[in-house]
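Asks: Dropping the structure in here first, questions after.
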Amino acid sequence: MPSSPPDNLPIYRLLTGRDDEAFCRRVSKALELGYALYGSPAITFNGEHAVVAQALIWTRGD
């Protein structure tokens, strides 16, 4: 397993976006790559739709 994230991705990432299937798929893909959830998700409302955020950290190679 690689000791650093692929494609020059950072060790720490904060994914944000509309609370929808696409966001869930982005988080799922990061988990498949070797990232782990870091802390709890956050959610807010921007007046039109819910916006979520999830922090992730690289764990492969530990």
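Laboratory data are not the source of any read-out in this text; all were calculated from the coordinates shown. Note that the coordinates shown come from a computational prediction; the quantities given were computed from them, not determined experimentally. Because the Cβ atoms are built from the backbone with ideal geometry, glycine has one as well, and the counts that use them run over all protein chains shown.
Asks: I want to verify a result. In a Gaussian network model of the chain, Cα cutoff 10 Å, which of these has the top mean-square fluctuation: 17, 39, 47?
Replies: Among 17, 39, 47, the largest GNM mean-square fluctuation belongs to 47.
Asks: Alpha carbons only, please: Rg and Dmax for the chain, in angstrom.
Replies: In order Rg, Dmax, the Cα atoms of the chain give 12.6, 43 Å.
Asks: Let me ask something additional. For the chain, calculate the relative contact order in percent as a whole number, restricting contacts to Cα pairs under 8 Å that are 6 or more residues apart.
Replies: Working: 96 pairs, mean separation 28.5, N = 62.
After rounding, I find 46 percent.
Asks: To continue, here is another question. Counting other beta carbons within 10 Å of each Cβ, put 7, 19 in order, fewest first.
Replies: With the fewest neighbours first, 7, 19 line up as 7, 19.
Asks: Report, in deg cm²/dmol and to the nearest 500, the calculated mean residue ellipticity at 222 nm for the chain, where each DSSP H run with n ≥ 4 adds -39500 (n - 2.57) and the sum is divided by the residue count.
Replies: -6500 deg cm²/dmol
Asks: Around residue 7, what is the net charge, scoring Lys/Arg as +1 and Asp/Glu as -1 over all other residues with Cβ under 15 Å from its Cβ?
Replies: Charge balance in the 15 Å sphere: +3.
Asks: Same structure, new question: Report the gain in length on full extension from residue 48 to residue 12: 0.36 nm times residue separation, minus Cα-Cα distance, nm rounded to one decimal.
Replies: Difference between extended and current length: 10.1 nm.
Asks: How high is the FRET efficiency between residue 40 and residue 20 when r is their beta carbon distance and R₀ equals 25 Å, given to the nearest 0.05?
Replies: 0.85
Asks: Excluding residue 45 itself, calculate the net charge of residues whose Cβ lies under 13 Å from the Cβ of residue 45, where each Lys or Arg counts +1 and each Asp or Glu counts -1.
Replies: In short, -1.
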